[in-house]
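Novice: Dropping the structure in here first, questions after.
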C-alpha cells in the first residue's frame, strides 16, 4: 500500500491488466501506456475520495522491489524516493 500525498488509503486493490483497451498515463513516470500494453490498475479509497491509479510494468516492479525501503514515499514520487536511497 502506498501513500497518496499525506493520506493512507482505507482500500487499496491492485489489478493486473493484460491488455489496455485505451491509452493511459503511468502515475510515476508519466509515460504513455499504449493500447494492448499490460499495466497495473489500483483502486484506492481515501478520506477525501476515490482514485484509480495506473502504473506501467516497470514502475510497478520498482515499487515492489523497493516497497520496504520506501515506506514514506507517496504515490507519484517513486523515482525521487529511489534517488534518496542511494
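Each value in this text was obtained by applying a stated rule to the coordinates, not by laboratory testing. It should be emphasised that the depicted structure is a prediction, and the values quoted were computed from it without experimental measurement. With ideal geometry, Cβ positions are generated from the backbone for all residues, glycine too; neighbour counts draw on all protein chains shown.
Novice: Sort 12, 40, 79 so the one with the fewest other Cβ atoms within 10 Å of its own Cβ comes first.
Specialist: Going from least to most buried by this count: 79, 12, 40.
Novice: Gain in length, residue 32 to residue 11, computed as 0.36 nm per residue apart minus the alpha-carbon separation, to one decimal in nm?
Specialist: Going from the current span to full extension adds 5.0 nm.
Novice: Now for a separate question. Taking the number of other C-beta atoms within 10 Å as the exposure measure, put 21, 67 in order starting with the fewest.
Specialist: On the way: 21 8, 67 12.
The most exposed by this proxy come first: 21, 67.
Novice: Which of 72, 64 has the fewest other C-beta atoms within 10 Å, and how do the rest follow up to the most? Can you show the working numbers first?
Specialist: Details: 72 9, 64 12.
Lowest to highest Cβ neighbour count: 72, 64.
Novice: Under 20 Å from a label point 7 Å along Cα→Cβ of residue 41: give me every residue in the range 49-86 with its amide N that close.
Specialist: 49-61, 76
Novice: Pairs of alpha-carbon atoms within less than 8 angstrom and 6+ residues apart define the contacts here; what relative contact order does the chain have, in percent?
Specialist: RCO, the chain: 31 percent.
Novice: Using only DSSP helix segments of four residues or longer, with each worth -39500 (n - 2.57), what per-residue ellipticity at 222 nm results for the chain after dividing by its residue count and rounding to 500?
Specialist: Working: 2 runs with 18 residues, N = 86.
Computed ellipticity for the chain at 222 nm equals -6000 deg cm²/dmol.
Novice: Next question, about the same structure. Just the number, please: Stokes-Einstein D of the chain in µm²/s, Kirkwood Rh from C-alpha pairs, 4 °C, 1.567 mPa s.
Specialist: Translational diffusion coefficient: 98 µm²/s.
Novice: Once you place label points 7 Å from the Cα toward the Cβ at residue 18 and residue 50, how far apart are they in nm?
Specialist: Those two pseudo-labels are separated by 2.6 nm.
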